[in-house]
Amino acid sequence: MKLNKTLLALAIGTLLLSACSDTDEKDTSLTDGSQNDVSGISDASTSGLNKGSGMTGSEMGGSGMHGLSGNGDYASTLGPEFNDPNNPLSKRTIYFMLDSSEVMPDFVPVIAAHAQYLIANPAQRITLEGNADERGSREYNIALGEQRAKSVASMMKVQGVSENQLDIVSYGEEKPAAFGSDEEAWERNRRVELVYQAR
Amino acid sequence: MNFFRRILLIVLFGFNVQIGHAAPLTIEITEGVESAVPVAVVPFASQGAPVNISAVVNADLERSGYFKMMDEQGMPGRPSTVAAVNFKDWQAVGQNYLVIGQVVEAGGGQYNVQFQLLDVYSSGQLLGYRMTSSAADLRRTAHHISDLIFEKLTGKKGVFSGRIAYITTNNQGNKQQSHQLQVADADGFNPQTVASSVEPLMSPSWSPDGKKMAYVSFERKSAAIYVQTLATGERTRVAEFPGINGAPAWSPDGTRLALTLSKDGSPDIYVLNLSTRSLNRLTRSFAIDTEPTWSPDGGNIVFTSDRGGKPQLYIVPSQGGQEKRLTFSGDYNARASFSPDGKSLVMVHGNGNDYRIAVMELATRAINVLTSGRSDESPSFAPNGSMILYASKKGRTGFLSAVSLDGKMQQKLVFNSGEVREPAWAP
């Protein structure tokens, strides 16, 4: 659009202004282009953009970030059972198959253990963070991550966890747990993280 | 192979002192056409101008893949006026076209820039312009000259003065990441940060007038869609419903945003009227519906849905109506975008573990795969419809690439740090 305008301005310039003075030959005549329009473009956008970065990471991000991993360590402060590798409460990541949001049998006891804890502690809230591997398009992966988090949520609700204790967010492929483009990284990224919220 | 491979490295210095995050950019032309036309851009006679205009023009034309640019060392002379050109000498070194010019300081920080495009065989002038530019606008003037030359020689509008938006991510260590939405010139220079957050930023979409941008931000720990005026930085949160707020796409008339919301259950396509804030729900499937994109006439919206089991493209009238499936070939067709003439769709086309950029002609439904990466995504048409910008990945490096509509020309824009993704060419 802007280019068109500029070209139009240049074309008008061609019509209105006479040939350049420093050459007499017709076929080498110079056209006086109005460069004002070009400057106009940058005044309207680029220079404004400089002023436009009126927000900073700290302003937008807020405080208390848990960074890449959803497993902020709040859960580990809840009790020894959350740190005991033999206790299912120590497992707070549920993994999924490619393009699937079905909970695999291995993770049913893990979800059940967290559901029981939440039922016993009705003031405790948890965020289910859905994630996807990098393959495919980003917004589709946001949707896939949400489906995974909703699968875990509905399993918890069936067991009696109150809806008020559950929050869902999907990060799609935006917060990988593992970098790399191989099967191992993809497996680690197709996941729902159970993030206990500070009370 | 009807095209040859050549690797060319042009290291550009894309620092921006005001922002400080700008990384130097490398552009590699990985594939060019065999029929590239030989053009010589003679270094312009210049009295200390802060930008080497002829070098910028040379790089632009080179990057387009249409031209084979002559090395300065082989040039038979350095004319800056037509009177000084000996056309026979340029014929002898195999050049078809010659660009000459001058940059003269005009006082008050202004420069007079003039250039001429000459046909070596007819010894005639094809173009001649004189322009006045401030020192700060010299690079823009150079891109403008490239556009004029490109259009004269190819009949297609140049896109060198255009801008691109993209998302970058830098690891800050300690599992912290910094995400930025940036806007830069089409050659990656002059990057400016539009928004910055430690939480993900996604899906930038230009308003049709190029003055605003819609994007998704997780800065409040859940997804929200913002509309930001680029000139002022002023922004409005236009969607923050429970669940997904994603994939904003500006209507061609600039009054509405198509978007994905999951507030009513599964992700569906909605149209948000930006002045009344009313929402019109377009799809009601129990499956995933997302990634809406408008036809250039505003009459239809194409979106991705897995209602048939796998993600495929569907079309629905933008006022609502019957939904029809568009793609039937391949396991995975998603994230469509219309060509400016509305005749084709570009999309992510998945087959096994490979996700590539493909174009489908709507009249024939024939799908033509243009790229050969394993993880190519987010295709966006250049405003002249001749190139498609997309994101590619190799190992942990995410970079931007461009491919011509026939797949024959490829170029790569490599930022030296961090991941660069989700490019969007300004209208």
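Here's how it looks for B:Asp354: its modeled amide H is under 5 Å from none belonging to a residue 5 or more places away or on a different chain.
Distances between placed amide hydrogens fall under 5 Å for B:Ile288 paired with B:Asp306, B:Arg307, all partners being 5 or more residues away or on another chain. Over chain B, DSSP H runs of length four or greater, each weighted -39,500 (n - 2.57), average out per residue to a 222 nm ellipticity of -2500 deg cm²/dmol. Among residues other than B:Thr255 with Cβ under 15 Å from its Cβ, the summed charge is +1 (Lys and Arg +1, Asp and Glu -1). With neighbours defined as other Cβ atoms within 10 Å of a residue's Cβ, the residues B:Ser122, B:Ser404 order from fewest to most as B:Ser122, B:Ser404.
Between amide H atoms placed 1.01 Å from N, distances below 5 Å from A:Ile168 occur with A:Leu128, all of them 5 or more places distant or on a separate chain. Reducing the stretch A:128-188 and the stretch B:50-109 to their Cα centroids gives an inter-centroid distance of 55 Å. Estimated translational diffusion coefficient (Stokes-Einstein, Kirkwood radius over Cα pairs, 4 °C, 1.567 mPa s) of the stretch B:337-427: 99 µm² per second. Each residue of the stretch A:172-186 is assigned a 3J(HN,Hα), and the resulting list reads x, 9, 7, 10, x, 7, 10, 8, x, 10, 9, 4, 5, 5, 4 Hz, derived from the Karplus form 6.51 cos²θ - 1.76 cosθ + 1.60 (θ = phi - 60°), x at Gly and Pro.
Using the Karplus relation 6.51 cos²θ - 1.76 cosθ + 1.60 with θ = phi - 60°, the per-residue 3J(HN,Hα) values for the stretch A:100-113 come to 10, 10, 8, 6, 7, x, 4, 9, 4, x, 5, 5, 4, 5 Hz, with x marking Gly and Pro. How big is D for the stretch A:75-196, in µm² s⁻¹ as a whole number, if Stokes-Einstein is applied with the Kirkwood radius of its Cα pairs at 37 °C and 0.692 mPa s? Answer from the Stokes-Einstein relation: 227 µm²/s. Site pair B:Gln176 and A:Phe179 shows an inter-label distance of 1.7 nm when each label is modelled 7 Å from Cα along Cα→Cβ. Please enumerate, by chain and number, the aspartates and glutamates with C-alpha under 19 Å from the C-alpha of B:Lys157, excluding those fewer than 8 residues away in the same chain. Result set, ordered by chain and number: A:Asp37, B:Asp60, B:Glu62, B:Asp147, B:Asp185, B:Asp187, B:Asp209, B:Asp341, B:Asp406. What is the stretch B:163-425 by shape, rounded, prolate or oblate, if you read a ≥ b ≥ c off the alpha carbon gyration tensor as root eigenvalues and call it rounded for a/c under 1.5, prolate for a/b larger than b/c, and oblate otherwise? It comes out rounded by the Cα gyration axes.
For the stretch B:211-315, the square roots a ≥ b ≥ c of the C-alpha gyration tensor eigenvalues yield an a/c of 1.5 or more together with a/b not exceeding b/c, which makes the shape oblate. Percent of Cα pairs in the stretch B:94-148 per distance bin of 5 Å, from zero to the largest separation: 5, 19, 27, 19, 13, 9, 5, 1, 0. From the alpha carbon centroid of the stretch B:245-264 to that of the stretch B:172-242 is 15 Å. Taking other Cβ atoms within 10 Å as a rough exposure proxy, A:Arg135, B:Arg335 sort from fewest to most as A:Arg135, B:Arg335. Determine the alpha carbon to alpha carbon distance for each of A:Lys157/B:Lys263; A:Lys175/B:Lys394; B:Lys68/B:Lys88; B:Lys211/B:Lys408; A:Lys175/B:Lys393; A:Lys150/B:Lys310 and list only those over 23 Å. Over 23 Å Cα-Cα: B:Lys211/B:Lys408. Would you list, by chain and number, the aspartates and glutamates whose Cα falls below 19 Å from the Cα of B:Lys324, excluding same-chain residues fewer than 8 positions away? Within the straight-line limit of under 19 Å, B:Lys324 reaches these aspartates and glutamates: B:Asp268, B:Asp289, B:Glu291, B:Asp297, B:Asp306, B:Glu361.
No value in this document is a laboratory result; all are computed from the given coordinates. Since we're looking at a predicted model, the values are computed, not measured. For neighbour counting, all protein chains shown are included, and Cβ atoms are generated from backbone atoms with ideal geometry for every residue, glycine included.
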